[in-house]
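**Q** Below is one structure. I have some questions about it.
Rule-based calculations on the coordinates, nothing more; no lab input. Every value quoted in this text rests on a predicted model; they were computed, and no experiment measured them. Note that each Cβ is placed from the backbone with ideal geometry, even for glycine, and that neighbours are counted across all protein chains shown.
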Amino acid sequence: MPSPLNAHRARRGVTLLEVVIATGCLVLLLGAIGTVAQRGRAAAEAGVSASALSGKAQRLVDGIASELMNASSASLPLSPAAGRAAGQVDYRTVEGFDVVQGEIDEGPLRRIGRIPSPEDPNDGLDNDGDGLVDEGNVVLVLDTAATPACELVLASGVTEVLEGEIAGNNVDDNGNGLVDEGGLSLQWQNGGTSVVIRATLGARGPGGDVLLRTVVTTVHLRN
């Protein structure tokens with residue numbers, strides 16, 4: 001028969017064991033909560049980054065559409081060959097109508113196109129370490145004859161080819177009817193009275209992965 005002292009020690013041992021077990025469970029629970037919170041925070045940050053990139057891509061195509069809406073269809077170059085898209089376009093905007101001559105008054109020759117990024121020249125390398133290779137800028141040149149040229153950067157981080165496309169293989173990899181189209185692609189339709197604008201923008205996400213967002217819109221020329 002155990003003495004009262006031994007019984008007291010046994011009861012004390014059980015109590016300490018329960019404390020250790022409870023502490024261990026609490027640590028595991030807090031760790032699980034921390035993991036869930038961290039994943040939730042990462043997902044929220046990724047969502048914010050993706051949303052910002054989508055907005056940037058949408059603003060780009062909307063800006064191009066707004067610019068081309070006032071272009072003279074007669075000033076547009078010939079449509080690219082079937083299954084191809086242009087990476088830039090030269091055009092003139094309509095600035096009025098000459099009643100005496102019965103002709104449209106056009107402004108200076110303008111240009112919208114994608115050019116290599118100064119920080120990441122077109123050499124097949126990720127020179128600026130942003131996870132994108134040979135990304136470029138889309139610029140608007142207000143007067144191609146002006147010296148020096150006045151260029152407005154409409155967007156940066158425009159990919160070399162459109163999302164899903166593989167450069168230079170002469171195949172329609174992404175199934176949109178175009179072959180080897182660039183990160184900015186302009187496709188004439190309806191006899192040159194409308195232009196389909198496609199653009200893919202990329203950026204490094206908060207987790208280090210590369211995010212891509214592609215936006216497509218069609219603009220109908222007024223003139």
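**Q** When N is the residue count of region 52-220, what does its C-alpha Rg come to as a fraction of 2.2 N^0.38 Å? Don't skip to the answer; put the middle values down first.
**A** Values: Rg = 16.9 Å, N = 169, 2.2 N^0.38 = 15.5 Å.
Cα Rg divided by the expected 2.2 N^0.38 Å: 1.09.
**Q** Going by average Cβ neighbours within 10 Å, how do the peptides 131-137, 71-77 rank, with the highest at the top? Each step should come with its number before you reach the end.
**A** Working: 131-137: 20.7, 71-77: 17.9.
The most tightly packed comes first, giving 131-137, 71-77.
**Q** I would also like to ask the following. Could you compute the net charge surrounding ARG111? Neighbours are other residues with a C-beta less than 14 Å from the C-beta of ARG111; K and R count +1, D and E count -1. Please report the intermediate quantities before stating the final value.
**A** Details: positive: ARG92, ARG110, ARG114; negative: GLU67, ASP90, ASP143, GLU151.
Neighbourhood net charge equals -1.
**Q** If you don't mind, another one. Highest mean first, how do 140-148, 202-210, 83-91, 178-186 rank when packing is the count of other Cβ atoms within 10 Å averaged over residues?
**A** 178-186, 83-91, 202-210, 140-148
**Q** For ASP143, which sequence-distant residues (separation of 5 or more, or a different chain) have an amide H within less than 5 Å of its own amide H, given hydrogens modelled in the peptide plane?
**A** CYS150
**Q** To check my understanding: the extent here is largest minus smallest coordinate of the Cα atoms along each principal axis. What are those three numbers for region 145-223, in Å, largest first?
**A** So the three principal-axis extents are 46, 36, 22 Å.
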